[in-house]
Amino acid sequence: RNLAHARDLIAEWVTDYNTARPHSALGYQTPTGFALHLTTAIARPAARDDSSARRAIAQPTPTGVNQKPAPVAAG
């Protein structure tokens, strides 16, 4: 009909897309449901087990990767 009507329709679509439609990248959950799952998982501390080791933050270097620094020419 007009620009204002188009903006209203687009705003409704964006809201529907971001809150109600499941997304494959989120395991076919809605963004709202996924965010709720994340916030409850973050708020709930993980169970501590004395026998479990901490997970490494960085991955180990793959075998065969050269870790020597490259020489830099001066000047």
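Scanning the range 18-34 for residues being touching a strand residue (DSSP E or B) at 6+ places or on another chain (Cβ under 9 Å) and either of a type in the set (S, T, N, Q) or without any contact (Cβ under 8 Å) to a residue 12 or more places away in the chain (or both) gives a total of 5. Residue 30: modelled with pLDDT of 75 or more and surrounded by 12 or more Cβ atoms within 10 Å (Cβ to Cβ), yes or no? Judged against the criteria, residue 30 is a match.
The values are calculated or read from the model by the stated rules, or taken from the named source; none is laboratory data. Here the structure is a predicted model, which means the values were calculated and not measured. In this analysis, Cβ positions are derived from the backbone assuming ideal geometry, glycine residues included, and neighbour counts consider all displayed protein chains.
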